[in-house]
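Shown next, in structure tokens, is the structure this report addresses.
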Amino acid sequence: MTTKPSREAKRMGDAGGGLALFAIAYLLFLYVPVLFLPLFSFNDSIFVSFPLQGFTTKWYEQMFADEDMLKALIASLQVGGVVAIASTILGLLGAKAVTRYRMPGQGAVTGLIMLPLFIPEIILGISLLILVNALDIPLSLITVAIGHIMLCTPFAMAVLTSRLDGFDRSLEEASMDLGETPWMTFWRVTFPLAAPGIVSSLLLAFIVSFDEFLLSFFLQGRQPTLPVYIWSQLRFPSKLPSVLSLGAIILITSCVLVFFAEWVRQLGTTGDRKVGVA
Amino acid sequence: MADYIIRIENVTKQFAGGAKAVDGVSVNIERGEFFSLLGPSGCGKTTLLRMIAGFEFPSEGEIFIDGQASSLIPSYKRPTNMVFQSYAIFPHLNVFDNIAYGLRKEGLPGKELNRRVEESLAMIKLTGFGKRRGDQLSGGQRQRVALARALVKRPKVLLLDEPLGALDKKLREEMQIELRQLQKSVGITFVFVTHDQEEALSMSDRIAVMSKGDVLQIAGPKELYEAPNCIEVASFIGNINLINATVKGVNGGEIALEGPGFGSFGAPSIEGVKAGDKIVAAIRPEKLSLTAQKPTSGAFVEGMIKASAYLGDRSHHQVFVKGRDEAVSVAAQNMEREMSADFDASKPVYVTWDPKSLILLKS
Ligand SMILES: Nc1ncnc2c1ncn2[C@@H]1O[C@H](COP(=O)(O)OP(=O)(O)O)[C@@H](O)[C@H]1O
Ligand SMILES: [Mg+2]
């Protein structure tokens, strides 16, 4: 091309350069600490400090040998799975109600469902603990899951409401007009159209539950969830490296899940854009 | 008694916390007819159509579909199908599956189902488009798919909510003709909602004119235009000049009127009027003629041309008449090839009419 700088570059000038610098600094600040996790998980020293001492996979071996940690991991996966499914079902029902029907007091109901998003978790945790004690329910992973469902349902509902709002409600009427019952209409029209939102909601609820600390801390019984277990192990320096290797694995898995969720969501939205309901 | 496929009896629909969208409406629709609901936006057309489809239920009154009271029958059990204003093509299905949607649950053998869908595709001239997704179709094609999807169910009544509203003018006019031909060939009763009076006049066997939740008049296109039963219908369908007149005397079949600007003039009598009554005499612009020479006989008034619009096939003139606030509209056919101006705006003109063209409406 010509040697002249493009008009675009001229107009952006120094401001453009400054912005790029800021963006790079910001990304470094955000991700470099996180990258220390996999880095030190392969470092042959129980001290998390530079200089690096050589490559090892023994922390990973130690981690897989640590039965308590694996139990905590399994507990978190179980809770996360149950919470993801339960809050997505609740969120879907709620989203369907607020987008498809007009009810008296609708605003108030929606507000109340969304409220847990805005209440500090510590207050939520304490009040749930008081309630659970008052009702004499033994603390266990079940009480943790109930707390998480309260926390995750608003997320699920927000994701699914925007999804259901996005499509023409006469699609469901058209299905019933063509002879399908409301139930079959849900399966043949609503569900496939909401599917990308359902996948996002499942993943989002799972991730929120998986790394939730405060509610789990208050509501757990004998079996801790993974974040609580990790926190309890931080007192023992010798355990730290294997916590790092677990962290590295979780980090990679989360990245894969998030990219997958985003990919599904985009599939959904590009499809819609092309349809463009008149 | 006529064969009514739909009888709407005293139906009122009141939405929660709203005014009455439909207010005590009774309409009978004959089997096999092309029936239109015509009225301005917000007058309750869609609400009435949705009650026939079963998406809304009357607050009062009853709708009979093919003799059956419908208020307990949900939409998916009614012998009606609908073409939605937004077309509501399923975006996750292709054209074939959209059309087959309502057939799938009827348990047709695969061959029969294929044949019916292919037939429908041929009917809407989209043979070979079965694999296309809804988002790869133009507006006109989507409209056809919506039509085929409803008709393939062989409903007793097809409901159409402003199906041509989203199309451009040329395509809309083509579709008007096609729809009308299609209705004749399949013989299914069509209930067609529109706010476009020309569309309703050109397509329908009969039309119900609605306003603010009420049905004002139900009649064929010609009767609506030539014999509207009230001022609202007269002014909604086409243009019209209204003269607020007083009855001076009734003499057999003749009635003597007096109105501002028009002085004394005669009209054929209608029932139930007597001297002293206030009445509205209405006349369509094309029933009036203009001439530069003062007529020696017949009904006429003198005026000055205020504005003229040349529209090719016809011209519209606005004529000021002394004593009348509103200009009189006159529409003249341009029957001769003529390049010079029709009238000299500085000289008086004479508006003439045939008294038989006057429509008398109680005010
Ligand atoms: N679901 C609804 N809830 C409340 N009011 C409604 C609803 N649907 C329609 N209306 C009102 O009823 C009236 C008639 O609406 P509609 O039947 O859509 O008119 P049209 O189709 O003739 O334009 C309007 O005033 C509209 O606001
Ligand atoms: Mg409407």
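Overview of values
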{"read-out": "Cross-link partners of B:K184 among lysines (Cα-Cα below 19 Å; sequence separation of 8 or more within a chain)", "value": "B:K125, B:K153, B:K156"}
{"read-out": "Gaussian network model of chain B, springs between alpha carbon atoms under 10 Å - residue of B:N229, B:N334, B:N241 with greatest fluctuation", "value": "B:N334"}
{"read-out": "Kirkwood Rh in Å, taken over all unlike Cα pairs in chain B", "value": "23.5 Å"}
{"read-out": "GNM top mover of B:V349, B:V157, B:V209 - chain B, alpha-carbon springs below 10 Å", "value": "B:V349"}
{"read-out": "Antiparallel %, DSSP beta bridges [both residues in region B:4-236], to 5", "value": "55 percent"}
{"read-out": "Euclidean distance between Cα centres, region A:226-250 to region B:275-302, Å", "value": "99 Å"}
{"read-out": "For the protein assembly as shown, with +1 on Lys and Arg beta carbons and -1 on Asp and Glu, the positive-most of A:I146, A:I89, A:F236 along the dipole", "value": "A:F236"}
{"read-out": "Helical segments meeting 20 Å axial Cα length and Kyte-Doolittle 0.5 threshold in chain A (DSSP H)", "value": "A:7-41, A:67-100, A:141-165, A:191-210, A:240-275"}
{"read-out": "Estimated FRET transfer efficiency when R0 is 56 angstrom, pair A:A195-B:L311 (beta carbons, to 0.05)", "value": "0.55"}
{"read-out": "Cβ charges +1 (Lys, Arg) and -1 (Asp, Glu), total dipole of region B:4-236, debye", "value": "1100 debye"}
{"read-out": "D (Stokes-Einstein, µm²/s), Kirkwood Cα radius, the protein assembly as shown, 1.306 mPa s at 10 °C", "value": "50 µm²/s"}
{"read-out": "Longest exposed-site-free window of chain B, the sites being GluC sites (Glu not before Pro) in a DSSP loop that have at most 14 other C-beta atoms within 10 Å", "value": "B:107-270"}
{"read-out": "Anchor B:K362: lysines whose Cα lies under 23 Å away (excluding residues fewer than 8 positions away in-chain)", "value": "B:K212, B:K222, B:K248, B:K274, B:K278, B:K287"}
{"read-out": "Dipole in debye (nearest 20) - region B:241-362, about Cα centre, beta carbon charges: Lys, Arg +1; Asp, Glu -1", "value": "240 debye"}
{"read-out": "Distance in nm between pseudo-label sites at A:R222 and A:E121 (7 Å out along the Cβ direction from Cα)", "value": "2.6 nm"}
{"read-out": "Kyte-Doolittle at least -0.5, axis length at least 15 Å by Cα - qualifying DSSP helices, chain B", "value": "B:139-151"}
{"read-out": "GNM flexibility winner over chain B from B:G165, B:G312, B:G134 (Cα, springs under 10 Å)", "value": "B:G312"}
{"read-out": "Among B:I29, B:P295, B:L179 - extreme Cα towards positive end, dipole of chain B, charges at beta-carbon", "value": "B:L179"}
{"read-out": "Low-density loop positions, trypsin sites (Lys or Arg not before Pro), region A:71-163 - DSSP coil, at most 13 other Cβ in 10 Å", "value": "A:R102"}
{"read-out": "Counting DSSP beta bridges with both ends in region B:241-362, the antiparallel % (nearest 5)", "value": "100 percent"}
{"read-out": "Cα centre as origin, Lys/Arg/Asp/Glu Cβ charges: the protein assembly as shown dipole, Debye", "value": "760 debye"}
{"read-out": "Region B:341-363 versus region B:133-187: alpha-carbon centroid distance in Å", "value": "42 Å"}
{"read-out": "Proximal aspartates and glutamates to B:K111, defined as alpha-carbon separation beneath 19 angstrom and excluding residues fewer than eight positions away on the same chain", "value": "B:D97, B:E119"}
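Where a number appears in this text, it was derived from the coordinates with a stated rule and is not lab data. What you see is a predicted model; the values in this text were computed from it and never measured. Cβ coordinates were reconstructed from backbone atoms using ideal geometry, including for glycine residues, and neighbour counts include every protein chain displayed.
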